[in-house]
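Undergrad: Next up is a structure, given as structure tokens.
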Amino acid sequence: MPRQELVGTDFSSYFTQPDKARAGYQQVFKEGSVRDYSLEIRHRDGHTIPVLYSAALYRDEAGKVVGIFAAARDITRRRQAEAALQEANDTLERHVAERTAELARSNEDLQQFAYVASHDLQEPLRMVNGFMKLLRDRYEAQLDDKAKEYIAFSVEGATRMSQLIVDLLAYSRVDRKGTALRPTDANTVLLGALGNLRGSAQEAGVTVTHDQLPTVNGDASQLAQVFQNLIGNAIKFRSPDRPCQVHVGAEQQGGRWVFSVRDNGIGISPQHAERIFVIFQRLHTRQQYPGTGIGLAICKKIVEHHGGRIWVESKPGEGSTFYFTLPAADRAALADQTE
Ligand code: ADP
């Protein structure tokens, strides 16, 4: 626009928001300067340009205002870049949301599959078991020792498979329950678990001690299962050389609690520290120690369901400490509960 056309016009009328432009101008007089004041200039042909307006008062030596120095920076490119970035961000977020939904769906499918499969497998297995037992009972007189031995192996195999299926069902149920996490006193949970283990603990002459435990955000019955499995293992894998001692501890680290279940048992060599948490993985034969290898897999699933982590540190021959983290109960929920 030629200079002569500009002179004498109201500067604020060149902006899409004249009031805001005027307010910016007044701010310069009031405060001495303004920085990056966002405005839009309207071009003659109607298109608009986003600008950042900066201005300062200009004074003479006596301090008298003699003018105003103003500059408007064209930020069209920056705005475009911001818009492109925003769009890229939105696309990314949409992709992540879609992917998460897909994963949740396939996870659900898998859970459903494990559940249905284990359910449906039980039935034919019961049949195998039933007929094998019939064969043994009705035809005992006609069977020689080898045949009886084979039948015994078959029954044993079917019984073990049945136990594996029961375990698989229990495992697949951990998430299916979908329980809400609420403030839970870990002392009460531990006492419940110890109550269930009383028989085997007494038989093995075990001493269990514990710290004062905190209140955490959790599902009481699932957490009891974790304590029960870990302490149950400490009893099962005790050393034949010394009385079995188990200690349950808890230590706060930021917004979470690190629980520990320490024993003085046979220990686990570090190379197996990860493997033992995988379903049906065990380090011993059934003849050495009973079990199917489900206990720690269930613990892992429960702890992760609570947003925590589980791991083991151990010295073979000296003992093991299983650690797991749980989020501390938030104060608001605690207050709700005590009201
Ligand atoms: P299970 O007890 O049925 O074998 P788990 O999943 O509970 O199944 O444990 C997996 C394996 O981890 C066990 O077979 C054992 O070898 C090892 N393990 C678990 N807890 C302990 C422990 N406290 N001390 C030594 N070994 C352990």
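What follows is calculated from the coordinates using simple rules that are stated; it is not laboratory data. Small disclaimer: the values here were computed from a predicted structure and weren't measured. We place every Cβ from the backbone using ideal geometry, glycine too, and count neighbours over all the protein chains shown.
Undergrad: List the longest stretch of the chain that has no exposed loop site; here a site is one of the chymotrypsin sites (Phe, Trp or Tyr not before Pro) assigned by DSSP to anything other than H, G, I, E or B, with at most 16 other Cβ within 10 Å. Mind dumping the intermediate values first?
TA: Values: sites that count: TYR139, PHE280.
It runs 140-279.
Undergrad: Between the alpha-carbon centers of the stretch 230-260 and the stretch 59-123, tell me the distance in whole angstrom.
TA: 43
Undergrad: Follow-up. Could you pull out the GluC sites (Glu not before Pro) across the stretch 243-310 that fall in loop regions by DSSP (anything but H, G, I, E, B) with no more than 16 other Cβ atoms inside 10 Å?
TA: Values: sites: GLU251, GLU274, GLU304; in loops: GLU274.
Passing both the DSSP loop test and the Cβ count: GLU274.
Undergrad: Further, regarding this structure: If you take the charge dipole of the stretch 87-169 about its Cα centre, with +1 on Lys and Arg Cβ and -1 on Asp and Glu Cβ, which of GLY157, ASN89, THR100 is farthest toward its positive end?
TA: GLY157
Undergrad: Figure the gain on full extension for VAL166 and GLN17 (residue separation times 0.36 nm, minus the Cα-Cα span) and round it to one decimal in nm. Before the final figure, lay out the partial values.
TA: On the way: separation 149, 0.36 × 149 = 53.64 nm, distance 7.19 nm.
Taking 0.36 nm per residue and subtracting the Cα distance, the gain is 46.5 nm.
Undergrad: Okay, moving on. What does the extension gain come out to for ASP145 and MET127, with contour length at 0.36 nm per residue minus their alpha carbon separation?
TA: Length gained between ASP145 and MET127: 4.1 nm.
Undergrad: Tell me the trypsin sites (Lys or Arg not before Pro) within the stretch 269-329 that lie in a loop according to DSSP and have at most 16 other beta-carbon atoms within 10 Å. Could you put the intermediate results ahead of the total?
TA: On the way: sites: ARG275, ARG282, ARG286, LYS300, LYS301, ARG309; in loops: ARG282, ARG286, ARG309.
Those satisfying the criteria are ARG286, ARG309.
Undergrad: Which listed residue (GLN112, LEU52, PHE280) has the Cα farthest towards the positive end of the charge dipole for the chain, taking +1 on Lys and Arg C-beta and -1 on Asp and Glu C-beta about the Cα centre?
TA: Final value for the positive-end residue is PHE280.
Undergrad: Next question, about the same structure. How big is the charge dipole of the chain about its Cα centre, in debye rounded to the nearest 20, if each Lys and Arg gets +1 on its Cβ and each Asp and Glu gets -1 on its Cβ? If you can, show how the numbers build up before the last one.
TA: Values: 41 positive and 42 negative charges, 51 e Å.
About 240 debye.
Undergrad: Give me the one-decimal nm value for the distance between modelled label points at SER260 and ASP185, 7 Å along each residue's Cα-to-Cβ direction.
TA: Taking the simple label geometry, SER260 and ASP185 are separated by 2.5 nm.
Undergrad: Counting other C-beta atoms within 10 Å, and keeping those with at most 16, which DSSP coil trypsin sites (Lys or Arg not before Pro) do you find in the stretch 1-49?
TA: The qualifying sites are ARG44.
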